[in-house]
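What follows is a set of notes on a single structure, which appears directly below.
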Amino acid sequence: METVATMATTGAFVPCPWITFFIDRPNIKCSLCLETDLELRSPMEPPGDHTPALLPCGHVFGYHCLSIWRRQSGNRSCPACRTSFEYPLCQHPVPAKLLDAVSVFTLPPTLAEEAGCIPDECHDCRWKTSRKLFESNVDFHKADFDRLRADFSESPGGRAKEALLRKKKMLQMTMQAFFSREVLHGW
Ligand SMILES: [Zn+2]
Ligand SMILES: [Zn+2]
Ligand SMILES: [Zn+2]
């Protein structure tokens, strides 16, 4: 079935959750127990049994009901479309994403949307791979930072301070670039 992000929600199919929950505002029942409305909570509250849990295909279920259902399939498949989701390279299962009133805006696009895709590796495996790169990038600036800090404590003049602050900023940007890449990464 062809979909676009603005397509109306039908049942448990939520191709673009922020449109569903903030523009259309439907009452979606959990299509596993058929009883309880899915409840988008504030991020300050702990998730409940029927916090919406979204799969990469765009199907959404109550978190608790989905966990029970998925356990039987090694946490891989979707109760609605039966698609099995795993990361192609590391073959770990793709977890459902829990939605709250803030995380609904920072989700990766579902596979029903443009640009929606499953990355080669899961978050943990990506982390291990890119951690090494991160450390070598940081090491590069860290040695300079240590030296400039020692210079500054010996003679805390204006120029030493400027150089130290410049390096501090660079170190911080290197770290932030790494972590924001981690956060923005897909499913
Ligand atoms: Zn349910
Ligand atoms: Zn599905
Ligand atoms: Zn993995």
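Working only within the stretch 93-109, note down all residues that are away from ligand 2 (no atom under 16 Å from the Cβ) and either aromatic (Phe, Trp, Tyr) or not in a loop (DSSP other than H, G, I, E, B) (or both).
Across the stretch 93-109, the qualifying residues are 98, 103, 104, 105.
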task = Specify the residue that is nearest to residue 125 (Cα to Cα); the eligible residues are those in the stretch 46-73 that are within 14 Å of ligand 2 (Cβ to nearest atom) and surrounded by fewer than 19 Cβ atoms within 10 Å (Cβ to Cβ).
result = 73
inquiry  = Exactly one of these conditions fails for residue 104: (1) surrounded by 14 or more Cβ atoms within 10 Å (Cβ to Cβ); (2) not assigned by TED's automatic domain parsing to the domain that holds residue 14. Give me its number.
reply    = (2)
message = Can you say whether residue 76 is under 27 Å from residue 126 (Cβ atoms) and without any contact (Cβ under 8 Å) to a residue 24 or more places away in the chain, as far as the supplied structure shows?
response = yes
message = Being over 30 Å from residue 90 (Cβ atoms) and among the hydrophobic types (A, V, I, L, M, F, W, C) is true for just one of 140, 152. Which residue is that?
response = 152
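Results for (1) in the same structural domain as residue 65 (by TED's automatic domain parsing); (2) out of contact with any Phe, Trp or Tyr (no Cβ under 9 Å at 6 or more places or on another chain), shown as yes or no for each residue.
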{"position": "87", "(1), (2)": "yes, no"}
{"position": "90", "(1), (2)": "yes, yes"}
{"position": "94", "(1), (2)": "yes, no"}
{"position": "99", "(1), (2)": "yes, no"}
{"position": "112", "(1), (2)": "yes, no"}
{"position": "133", "(1), (2)": "no, no"}
{"position": "141", "(1), (2)": "no, yes"}
{"position": "148", "(1), (2)": "no, yes"}
request  = Check off (1) modelled with pLDDT of 90 or more; (2) away from ligand 3 (no atom under 16 Å from the Cβ) for residue 106 and give me the number that stays unchecked.
outcome  = (1)
query = What residue, of 117, 81, 90, is within 14 Å of ligand 2 (Cβ to nearest atom) and either closer than 30 Å to residue 24 by Cβ or not in a helix (DSSP H, G or I) (or both)?
reply = 81
query = Filtering the stretch 63-78 down to residues that are hydrophobic (A, V, I, L, M, F, W, C) and not in a loop (DSSP other than H, G, I, E, B), which residue is nearest to residue 14 (Cα to Cα)?
reply = 66
task = Taking residue 138 as meeting all but one of (1) surrounded by 12 or more Cβ atoms within 10 Å (Cβ to Cβ); (2) outside any helix (DSSP H, G or I), write down the number of the exception.
result = (2)
message = I'd like to know if the stretch 125-141 contains one or more residues that are closer than 27 Å to residue 18 by Cα, within 16 Å of ligand 3 (Cβ to nearest atom) and among the hydrophobic types (A, V, I, L, M, F, W, C).
response = no
request  = With the condition kept exactly as written, say whether any residue in the stretch 103-115 is among the aromatic types (Phe, Trp, Tyr) and more than 16 Å from ligand 1 (Cβ to nearest atom).
outcome  = yes
remark   = The residue that is modelled with the highest pLDDT, considering only those in the stretch 120-135 that are surrounded by 13 or more Cβ atoms within 10 Å (Cβ to Cβ) and not in a loop (DSSP other than H, G, I, E, B), is 125
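The values are calculated or read from the model by the stated rules, or taken from the named source; none is laboratory data. For clarity, every value in this text was computed on a predicted model and none was experimentally measured. Every residue, glycine among them, receives a Cβ derived from its backbone with ideal geometry; neighbour counts consider all protein chains shown.
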